[in-house]
Amino acid sequence: MTKIRTRYAPSPTGKMHVGNLRSALYEFLIAKHDNGDFMLRIEDTDQERFVEGATEIIYRTLEKTGLKHDEGPDKDGGYGPYVQSERMQTGIYMKYAKELIEKGEAYYCFCDKERLESLKTEVVDGKEIMIYDKHCLSLSKAEVEAKLAEGIPFVIRQNNPMEGTTTFHDELYGDITVNNSELDDMILIKSDGYPTYNFANVVDDHTMNITHVVRGNEYLSSSPKYVRLYEAFGWEVPVYIHLPLITDENHKKLSKRSGHASFEDLIEQGFVTEAIVNYVALLGWSPEDNREIFSLEELIQNFDYHRVSKSPAVFDIVKLRWMNGEYLKAMDADTFYEMAEPYLKATISKPYDLKKIANMVKTRIEVFPDIAEHVDFFEELPEYDVAMYTHKKMKTNTETSLEVLKDVLTILETQEDYSNDGLYQTLVKYVEEKGCKNGYVMWPIRTAVSGKQMTPAGATEIMEVLGKEESLKRIRKGIELLENV
Ligand code: GLU
């Protein structure tokens, strides 16, 4: 059996879009599931779209997500160069384009801009494209030679027949057959000498021994033309897996405007890498048992591209938030603290034990920025409504609360042990003496020390963090409020 070889072939044009990350992930999983090779190829032939720093983003993201490539520009595996502009220097694209010309499958085109602009256009996939009229196909060999010798700028076009059909197979879409007359004579080599993506992807995937190609379905409509190139060369067509579109909640293509279209955006919003990778794996793929939480290792074991769906995948940020929360819960306390610390420090400037606070919120937040709303009361007691002291189930109201807080103040003024346990024991003793339920005492205390309806921990845990002075100050403040009812 031939070894599986997949490639991630990004164009360095900016951030790592979620769709690109999904292609990279699926390519990685297909290879690793069968002990194959996962290769990185940089597709930088479109000089106009090149963005400074984008190549670094690609390396950084692959490293961070654990999608380790076996071969690439930084790791020679014998199939280099791995950057298309460097491949061009070797003359490889020109060599193969000339081979096609010899075979009558391609031709030089010298048409200038004015002539091309005068040609008919057609709308394909919502885009207006020019249909080339094969004008230069009729040039004799001698005419071509003469124009080349004169140095007239040229492109090389694919020569697609006007009759017959081309069929190709996609793993998700099945067999697709198109009339050759619908295939435009696309440019293979541009006037700057660079190959187009349309040509380079075929030459590279073949010469680099790629067995499986995973890419967005925006390439589906061009694939018959690629297949015609493979056939013209007599090369074996790789397995094609064209992935469904990723949409936002409104079923519009996930774009920058959605605010969370790239890996970097999501990291900035406080998501953890493992959760993002796990979620992206499920954008189109689902396992038989509908299980949802997978480590990268588990994805390698379970991923099967035959189970990828061709219906559009909706990027559901609510679901990702939930999943991220699951990852935070499962994280070890030290790692969690390390990641939570900057968020805690952004809200709390007082010298409280942030590790304890981190443990309080660990199971309550979905993403790190949620931390602020849970812990802001430590920094400063918020203004709150005395009505919060009234709690039906706890059987408390403003009167009972005032009485309890006064007693508790006296008791806690002499208390030295402000540990959670110490405070709890003292207060439970008071509860027993009073012959009431815990909540009858704890509710008003928690309200007084936090000023909030919901807190990430109970009264005694909060007081442990606040310490004696601040706790008593807040209880006194509660008494003052209740006295003025
Ligand atoms: N450079 C292309 C892109 O970034 C790659 C498509 C492919 O995987 O063939 O969209």
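Which of the residues belonging to the stretch 373-389 are out of contact with any Asp or Glu (no Cβ under 9 Å at 6 or more places or on another chain) and surrounded by fewer than 18 Cβ atoms within 10 Å (Cβ to Cβ)?
The answer is Glu373, Asp376, Glu379, Glu380, Glu383, Asp385, Val386, Ala387.
Determine whether Met394 is part of a loop (DSSP other than H, G, I, E, B), of a type outside the set (Gly, Ala, Ser) and open to solvent by 20 Å² or more (accessible area, probe 1.4 Å).
Yes: the conditions hold for Met394.
Does the stretch 420-455 hold any residues that are surrounded by 14 or more Cβ atoms within 10 Å (Cβ to Cβ) and at positive phi, and which are they?
Selection gives Gly451 alone.
Ile101 fails exactly one of the following numbered conditions: (1) part of a strand (DSSP E or B); (2) crowded, with 16+ Cβ neighbours inside 10 Å; (3) not small (Gly, Ala, Ser). What is the number of that condition?
Among (1) part of a strand (DSSP E or B); (2) crowded, with 16+ Cβ neighbours inside 10 Å; (3) not small (Gly, Ala, Ser), Ile101 violates only (1).
Under 9 Å between Cβ atoms, at least 6 apart or on separate chains: pull out the pairs that start in the stretch 176-195 with a residue that is modelled with pLDDT under 95 and end on any residue that is part of a helix (DSSP H, G or I) and open to solvent by 40 Å² or more (accessible area, probe 1.4 Å).
Sorted first by the residue in the stretch 176-195, then by its partner, the pairs are Asp192/Gln47; Gly193/Met88; Gly193/Met94; Tyr194/Gln47; Tyr194/Met88.
Determine whether the stretch 116-126 contains at least one residue that is basic (Lys, Arg) and at pLDDT below 95.
Of the stretch 116-126, the ones basic (Lys, Arg) are 120.
Right, trim to at pLDDT below 95 and you get 120.
Yes, that holds for at least one residue.
Quick one: Val318 ticks every box in (1) within 16 Å of the chain's Cα centre (by Cα); (2) buried (at least 18 other Cβ atoms within 10 Å of the Cβ); (3) of a type in the set (A, V, I, L, M) bar one, so which box is it?
So the condition that Val318 fails would be (2).
Results for (1) of a type outside the set (Ser, Thr, Tyr); (2) open to solvent by 20 Å² or more (accessible area, probe 1.4 Å), shown as yes or no for each residue.
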position	(1), (2)
Val123	yes, yes
Met130	yes, yes
Phe154	yes, yes
Asn179	yes, yes
Met186	yes, no
Ser191	no, yes
Asp204	yes, no
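Looking at (1) surrounded by fewer than 19 Cβ atoms within 10 Å (Cβ to Cβ); (2) of a type in the set (Asp, Glu); (3) within 15 Å of the ligand (Cβ to nearest atom), can you tell me which one Asp175 breaks?
(3)
Residue by residue, here is whether (1) closer than 17 Å to Lys98 by Cβ; (2) away from the ligand (no atom under 16 Å from the Cβ) holds:
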position: Glu128; (1), (2): no, yes
position: Ala146; (1), (2): no, yes
position: Met162; (1), (2): no, yes
position: Ser191; (1), (2): yes, yes
position: Ala200; (1), (2): yes, no
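Would you check if Tyr107 is open to solvent by less than 30 Å² (accessible area, probe 1.4 Å), among the hydroxyl-bearing types (Ser, Thr, Tyr), more than 15 Å from the ligand (Cβ to nearest atom) and farther than 25 Å from Met1 by Cβ?
yes
What are the residues in the stretch 212-251 that are within 28 Å of Val18 (Cβ to Cβ), more than 14 Å from the ligand (Cβ to nearest atom) and open to solvent by 10 Å² or more (accessible area, probe 1.4 Å), if any?
Asp248, Glu249, Asn250, His251 - these are the residues of the stretch 212-251 that are within 28 Å of Val18 (Cβ to Cβ), more than 14 Å from the ligand (Cβ to nearest atom) and open to solvent by 10 Å² or more (accessible area, probe 1.4 Å).
Restrict the check to the stretch 289-307 and report whether at least one residue is in contact with a Pro (Cβ under 6 Å, 6 or more places away or on another chain), open to solvent by 10 Å² or more (accessible area, probe 1.4 Å) and among the polar types (S, T, N, Q).
Yes.
Does at least one position in the stretch 465-476 carry a residue that is closer than 14 Å to Glu403 by Cα, in contact with a helix residue (DSSP H, G or I) (Cβ under 9 Å, 6 or more places away or on another chain) and open to solvent by 10 Å² or more (accessible area, probe 1.4 Å)? Before the answer, list the steps.
Here is the first cut: in the stretch 465-476, the residues closer than 14 Å to Glu403 by Cα are 475-476.
After this cut, where a residue has to be in contact with a helix residue (DSSP H, G or I) (Cβ under 9 Å, 6 or more places away or on another chain) as well, the list is 475-476.
Subsequent filtering for residues that are open to solvent by 10 Å² or more (accessible area, probe 1.4 Å) retains 476.
Yes, because at least one residue in the stretch 465-476 is closer than 14 Å to Glu403 by Cα, in contact with a helix residue (DSSP H, G or I) (Cβ under 9 Å, 6 or more places away or on another chain) and open to solvent by 10 Å² or more (accessible area, probe 1.4 Å).
The values are calculated or read from the model by the stated rules, or taken from the named source; none is laboratory data. No experiment lies behind these values; they were computed from the predicted model shown. All Cβ positions, glycine included, derive from the backbone under ideal geometry; neighbour counts span all protein chains shown. What goes into the accessible areas is simple: the full protein's heavy atoms, side chains included, and nothing from ligands, DNA or RNA. Shrake-Rupley method; radii C 1.70, N 1.55, O 1.52, S 1.80 Å.
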